[in-house]
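Colleague: Here's a structure for you.
Since every read-out is calculated from the coordinates, none of them should be taken as a lab result. Since we're looking at a predicted model, the values are computed, not measured. Positions of Cβ are generated from backbone atoms using ideal geometry, with glycine treated the same way; all protein chains shown enter the neighbour counts.
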Amino acid sequence: MTAITSSGVKKIGVLTSGGDCAGLNAILRSVTHRATLTYGMEVLGIRNGSAGLLEDVPNVMPLTEDLFNGDILRRGGTILGTNNKGDPFHFPTGDGSFRDRSGDIVDACHDLGLEALIGIGGDGSMDILRRLTRQGGVPFVGIPKTIDNDLGCTEVAVGYSTAVDVATQALDQLQPTAASHSRVMVLEVMGRDAGHIALNAGVAGGADVILIPEVSYSLKSIESKLQRVFDSGRNFALVVVAEAVKDEEGNKVTALQSQGVETYGGVGHYIGRRIAEETGAETRVTVLGHLLRGGVPSPTDRLMGTIFGVHAVDLVARGEFDRMVAWTGRKCVDIPLADAIAGYRAVDPDSSVMQAARGIGICFGDD
Ligand code: F6P
């Protein structure tokens, strides 16, 4: 027996958008199970983010309950594929120029008979998907995911927990080799402009120094901290650096990737070199990069993905659109999408985690 939906929606689309992370497949499983088992809806998975709707024949796959019988819940990445470039409002044509292809996406949604769309993304994706769906009258519900954990109005975004686990495990593995060789180990982690991963993994993994974009540092401060560590008789130290930390002159440190794409990357090597120059310590640098995104989803990410998926489908069934599911005050809620997009959340320098970190003597390079 399927439940009656007050919205009358019978066919929905779902897509993953922006950088992938662990836990996306748990969301897809949850959306599919809830939509098909509870409401008898048909679910179409859109491949490669909204790009799947720009192909000559829309690139979609039916999502059915039996697809999720195997190991998909446990897998990192997204079975649908995703895309973090190619804004449809400013879409690269291939000859160096750009074209607004938003109308093509809206048309494809209508051609496929989609009565609602569930989009799983971070703040950038949510913003684009919201503009697209409002333009074409496609009812939309968002589910938050990002390893960066910088979305406003939700205490949890899927993918962040696994990223913190992976970074913490990296520190667990760096510590014995640091101690064996009497070295300062520098670990660079992703997070875009927010220092959440560096801060949380750094505290959990026993870092001596944590550098985040929200706090300005000086080499002198880092040097004094390392001196205190060595004076205490310890022969190694652990330093975590968020990728968006700038050099001492305040410049971004970036890497040029394929197709001319510039990303954050390399500040760990800069800090490692400067520590060696200033202290004489032997340093080694590890850049975790995309390892943070591909980990086996943590129980928390699987659990939150499941909770968010069910809540999002329930919103569709009730006809409550233009909203994002969120986690706050120990429960799943939903909020206006506009609020979620507007409420970017960097590390709060007065947060309990920061206070605890400072309370146990972790150096942020500002004292
Ligand atoms: O937003 C997620 C994220 O992994 C950031 O932490 C990082 O800066 C960026 O994406 C990397 O993007 P790409 O996968 O394009 O290299």
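Colleague: Convert each backbone phi in the stretch 101-107 into a coupling constant with the Karplus relation 6.51 cos²θ - 1.76 cosθ + 1.60 (shift: θ = phi - 60°), then list the ³J(HN,Hα) values in order as whole Hz, x for Gly and Pro.
Modeller: 10, 4, x, 5, 5, 4, 4
Colleague: Testing the spin-label approximation: label points 7 Å from Cα along Cα→Cβ at Ala3 and Ser180. State their distance in nm.
Modeller: Distance between the two pseudo-spin positions: 5.4 nm.
Colleague: For Met324, which sequence-distant residues (separation of 5 or more, or a different chain) have an amide H within less than 5 Å of its own amide H, given hydrogens modelled in the peptide plane?
Modeller: So Met324 has HN proximity to Gly142, Ile335, Leu337.
Colleague: While we're looking at this one, here's another question. Would you grab the residues whose amide H sits under 5 Å from the one on Gly319? Only those 5+ places off in sequence or on another chain, please, with H modelled 1.01 Å from N.
Modeller: Ser7
Colleague: While we're looking at this one, here's another question. How big is the stretch 215-295 on each of its three principal axes, counting only the C-alpha atoms and giving the largest first in Å?
Modeller: Taking the Cα atoms of the stretch 215-295, the three principal extents are 47, 33, 22 Å.
Colleague: Placing +1 on the Cβ of each Lys and Arg and -1 on the Cβ of each Asp and Glu in the stretch 68-220, which of Gly152, Leu199, Leu112 has its Cα farthest towards the positive end of the resulting dipole?
Modeller: Leu199
Colleague: Would you work out the relative contact order for the chain, in percent, from Cα pairs under 8 angstrom that are 6 or more residues apart?
Modeller: 23
Colleague: Additional query: Please report, in debye to the nearest 20, how large the charge dipole of the stretch 289-335 is about its Cα centre when each Lys and Arg carries +1 at its beta carbon and each Asp and Glu carries -1 there.
Modeller: Taking the Cα centre of the stretch 289-335 as origin, the dipole is about 180 debye.
Colleague: Related question: What is the magnitude of the charge dipole of the stretch 116-268 about its Cα centre, with +1 placed on the Cβ of each Lys and Arg, -1 on the Cβ of each Asp and Glu, and no other charges, expressed in debye to the nearest 20?
Modeller: So the magnitude is around 180 debye.
Colleague: Evaluate the charge dipole of the chain about its Cα centre and quote only its size in Debye, nearest 20, assuming +1 on the Cβ of each Lys and Arg and -1 on the Cβ of each Asp and Glu.
Modeller: 660
Colleague: Tell me which of Leu256, Val267, Pro297 sits at the most positive position along the dipole axis of the stretch 252-305, charges placed on C-beta atoms (Lys, Arg +1; Asp, Glu -1).
Modeller: Toward the positive end, the furthest listed residue is Pro297.
Colleague: Over its Cα atoms, what ratio of radius of gyration to 2.2 N^0.38 Å does the stretch 122-187 give?
Modeller: 1.76
Colleague: How many times 2.2 N^0.38 Å is the alpha carbon radius of gyration of the chain?
Modeller: Rg over 2.2 N^0.38 Å, computed on Cα atoms: 1.07.
Colleague: Sticking with this one: Please report, in Å, the Rg and the Dmax of the stretch 280-367, where both are computed over Cα atoms only.
Modeller: Over the stretch 280-367's Cα set, Rg and Dmax evaluate to 19.0, 64 Å.
Colleague: Along the Cα→Cβ direction, 7 angstrom out, place labels at Gln355 and Val261. What is the inter-label distance in nm?
Modeller: Each label point lies 7 Å from its Cα, and together they span 4.0 nm.
Colleague: So, one more: Choose one answer from Lys85, Lys331, Lys225: the residue with the largest mean-square fluctuation in a GNM of the chain with alpha-carbon springs under 10 Å.
Modeller: Highest fluctuation among the options: Lys331.
Colleague: Sticking with this structure for a sec: Would you mind getting me the FRET efficiency between Thr38 and Lys220? Use the beta-carbon distance for r and R0 = 56 Å, nearest 0.05.
Modeller: 0.40
Colleague: Would you mind listing how long the stretch 178-235 runs along its three principal axes, going by Cα atoms, in whole Å with the largest first?
Modeller: 35, 24, 15
Colleague: A further question on this structure: Can you figure out the FRET efficiency of Arg228 with Asp322, using R₀ = 30 Å and their beta-carbon distance, to the nearest 0.05?
Modeller: Plugging the Cβ-Cβ distance into 1/(1 + (r/R0)^6) gives 0.05.
Colleague: Extension gain Lys246-Arg74, at 0.36 nm per residue separation less the Cα-Cα distance, in nm?
Modeller: 58.3 nm
Colleague: Can I ask one more? Semi-axes, largest first, in whole Å: what does sqrt of 5 times each Cα gyration tensor eigenvalue give for the stretch 144-243?
Modeller: 27, 15, 9
Colleague: Using label points projected 7 Å from each Cα along Cα→Cβ, tell me how many nm separate Asn235 and His110, to one decimal.
Modeller: 7.2
Colleague: Give Lys145/Lys331; Lys11/Lys85; Lys85/Lys145 a once-over and call out the pairs whose C-alpha atoms are over 20 Å from each other.
Modeller: Pairs exceeding 20 Å: Lys11/Lys85.
Colleague: Sticking with this one: Thr64 to Val296: FRET efficiency via 1/(1 + (r/R0)^6), r the Cβ-Cβ distance, R0 30 Å, to the nearest 0.05?
Modeller: Computed FRET efficiency for Thr64 and Val296 comes out at 0.80.
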